[in-house]
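Engineer: Before I ask anything, let me first share the structure, which is written out below as structure tokens.
The values are calculated or read from the model by the stated rules, or taken from the named source; none is laboratory data. Everything numeric in this text was worked out from a predicted model, so none of it was measured. Positions of Cβ are backbone-derived with ideal geometry, glycine not excepted, and every protein chain shown enters the neighbour counts.
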Amino acid sequence: MSDINEYKPGCITLQALRTPDICRDDVLSKFTDLVSKTLDVPSSFISVMDDDFQYIKAAHNFSVGETLRADSLCQYVVEGDNPLVVPDTRQDACFATNPFVIGEPFVRFYAGVPLKSREGLVLGTLCVVDGEPRAFSAEKLATMTLLSQLVISFLEAWHSVGFTDLVTGLPNRQQLMRDLQSLRAAGDSSSRRLVLIDCIDMPRAYELARSLGMAPVEGLLKDMATLLPLRLRPGKDELLYTVATGRFALLSKHDTQFSAEWVAQRMEGVRAEIGEGLSVDLATRTGETLFSPTETSAQEVLRRAVSALHEAICRGIPCMSFSEKNDERRTDDFTLVNDLATAVRHNHGLYLVFQPKICLSSGLPIGLEALIRWRHPTRGELSPAMFIPLAEQTTLLQEITEWVIDRTIERLKRLTGQAIQLPVTVNVSVRDFSQENFADRLEHKMIKARLPTSLLGIECLETERIIESAAAIKGLEMLKLRGFGIALDDFGTGYSNISYLRKMPLDVVKLDRSIIGGLATDTASRIITRSIIGMLKELDYVVLAEGVENIETLEALKEFGCDQAQGFFHSRPLPESELDNWLKWKLA
């Protein structure tokens, strides 16, 4: 059974040397050319040996490839861990019956020195051979030993390049993967643990870099690389890595204290100085997975640890262990996002429904709200609540917005063709209208469709994100300047309040259903709703109540001066096939 400390950073492994590498092996071939020329011996080769086979990695004038270890000329060098010179193989009891002595290539002279790593592990040999017996002086053997040291130095340098994080000095993700692969190749079936440690969230790192430059960020990363060993006290059987900016990994045996929970506790309360009298509190998140190297691939081990860490981050908790159930849910979400991308780009399964908005003074339709729906090929009808939050985590949300806008404009063209002038609103995210030239592109679409911009309204959520973004406020101002109506959805939830409204160029404020839900029975709800509507009217906003489901609520809203309403009391969201008949009935 292998021990983890056999796989130290920079350590060459038999697995790594057995793996073909054209560039590396080309350099090794040049070494064999040099050896033959320097020692004046016609043939030379560099071999690597495991328990069963010898692998010739490079050779000069020597055509033997892979051989059984038992048939190898070099087995005695590896087993004896010392240089060996055989002036005449036919006169040597160990070599006389060797198949490469009595048969091709008929070796009569052999000299070999071990290739030994700095950890003392004999990885293979550097050898010279001849078809004729010959003497080999002590001076030549010393030169050959020196050349073998150059070979091993080259191999160590070659296999360490790209495996150390330049900022922290710790082994990097590539080294972690190599170590995991080495454990697997060595047949290690023990239970292991990989813990990922997130110390610095990337948005914060980017903000620090923008404000102070990269030097403080790199200094912070170096400090973390120093602090982790001091806090965790890993022993010889535990290895630390830097696997990404601000993200570290700890590889250990299962039966140790180094669990994700323990690591999170040890890293609690870390405060870092970043210069100029500034400091930041670092919230550590950890995720872990338990595994057996022989049963789980290196890529899968890392994926599971990442899955656990991201689950901890999403939940806002210090630590998380890998869960098959959570992982399956994430996989389902990923599949759903891919299906959604196909639906948007090939127009499969997505469609719009339209919920009427009613003028409370006339009782007539005064507008429509376009709402996206998805009929999934295997899951059936899916609520936007199931797929829009997933799309918000990707660039797909902008494609969905474009799809909704284009279909809404097509519906507006058909309505105006029927002499029906009803504005239709679409839901647009902060990310959408914060884009440069979003208003210009939207105006161009309306001009191309020969429609006035007043027929297309924009409904926006995420009040807090809007007021904190200069680009978002500017985007709304550009939309309003071009004649698009602007409505704030779900007023009364989250961060919505009157003072925030004054910073936003709004026309309509939609009252969330949570505000009006108790109007029919609750006196306090009536007082609150009356006050909110009164203030909004004083500020010259059009007030729309959504979620109206009964006559009592409707009458109260009329009494309080609310302008518009939408909800199941008037109509459920209508598919396009029913919308025309409903409008003809209501507008007749």
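Engineer: Check L336, L360 and return the single one that is touching a helix residue (DSSP H, G or I) at 6+ places or on another chain (Cβ under 7 Å), closer than 30 Å to E552 by Cα and crowded, with 16+ Cβ neighbours inside 10 Å.
Structural biologist: On inspection, the qualifying residue turns out to be L360.
A quick yes/no check of all residues on (1) assigned by the TED database to the domain that holds T242; (2) outside any loop (DSSP other than H, G, I, E, B); (3) touching a residue at least 24 places away in the same chain (Cβ under 8 Å); (4) buried (at least 16 other Cβ atoms within 10 Å of the Cβ):
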residue: E132; (1), (2), (3), (4): no, no, yes, no
residue: A142; (1), (2), (3), (4): no, yes, no, no
residue: T145; (1), (2), (3), (4): no, yes, yes, no
residue: W158; (1), (2), (3), (4): no, yes, yes, yes
residue: R178; (1), (2), (3), (4): yes, yes, yes, yes
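Engineer: Still on this structure: Can you give me the ranges of the helices (runs of 4 or more DSSP H) entirely in the range 459-547 with at least 1 residues that are loosely packed, with under 14 Cβ neighbours inside 10 Å and small (G, A, S)?
Structural biologist: Output list reads 470-481, 498-501, 513-516, 523-538.
Engineer: Here are some conditions: (1) more than 15 Å from F45 (Cα to Cα); (2) in contact with a strand residue (DSSP E or B) (Cβ under 7 Å, 6 or more places away or on another chain); (3) not aromatic (F, W, Y). A59 meets all but one. Which one does it not meet?
Structural biologist: The number of the failed condition is (1).
Engineer: Another question, if that's okay. Of the residues that sit in the range 555-588 and are outside any loop (DSSP other than H, G, I, E, B) and basic (K, R), which one is farthest from L412 (Cα to Cα)?
Structural biologist: The residue in question is K558.
Engineer: I'm trying to understand the selection: among the residues of the range 275-319, which are within 17 Å of D179 (Cβ to Cβ), in contact with a Leu (Cβ under 6 Å, 6 or more places away or on another chain) and modelled with pLDDT of 95 or more?
Structural biologist: T289, V301, A305, listed by residue number.
Engineer: Name the residues in the range 40-53 that are assigned to a strand (DSSP E or B) and in contact (Cβ under 8 Å) with a residue 24 or more places away in the chain, would you?
Structural biologist: Within the range 40-53, S43, S44, F45, I46, S47, V48, M49 qualify.
Engineer: A follow-up question, please. From L415, L390, L336, grab the single residue that is assigned to a helix (DSSP H, G or I), in the same structural domain as S454 (by the TED database) and under 24 Å from the mean Cα position of the chain (by Cα).
Structural biologist: L390
Engineer: In the range 314-329, what residues are in a helix (DSSP H, G or I) and loosely packed, with under 15 Cβ neighbours inside 10 Å?
Structural biologist: Correct list: C314, R315, E324, K325, E328, R329.
Engineer: Of everything in the range 239-269, what is under 20 Å from M320 (Cβ atoms), modelled with pLDDT of 90 or more and of a type in the set (D, E, K, R)? Give them in sequence order.
Structural biologist: Once the filter is applied, which keeps residues that are under 20 Å from M320 (Cβ atoms), modelled with pLDDT of 90 or more and of a type in the set (D, E, K, R), the range 239-269 yields R247, E261, R266.
Engineer: Out of the residues in the range 69-118 that are polar (S, T, N, Q) and outside any loop (DSSP other than H, G, I, E, B), which is surrounded by the most Cβ atoms within 10 Å (Cβ to Cβ)?
Structural biologist: If we take residues in the range 69-118 being polar (S, T, N, Q) and outside any loop (DSSP other than H, G, I, E, B), then T89 is surrounded by the most Cβ atoms within 10 Å (Cβ to Cβ).
Engineer: Then there is this: Which of the residues that make up the range 339-357 are surrounded by fewer than 19 Cβ atoms within 10 Å (Cβ to Cβ) and touching a residue at least 60 places away in the same chain (Cβ under 8 Å)?
Structural biologist: Within the range 339-357, Y351, V353 qualify.
Engineer: Among the numbered conditions (1) in a helix (DSSP H, G or I); (2) buried (at least 18 other Cβ atoms within 10 Å of the Cβ), tell me where K222 comes up short.
Structural biologist: Unmet for K222, out of (1) in a helix (DSSP H, G or I); (2) buried (at least 18 other Cβ atoms within 10 Å of the Cβ): (2).
Engineer: Within the range 542-588, how many residues turn out to be within 45 Å of the chain's Cα centre (by Cα) and among the β-branched types (V, I, T)?
Structural biologist: 3
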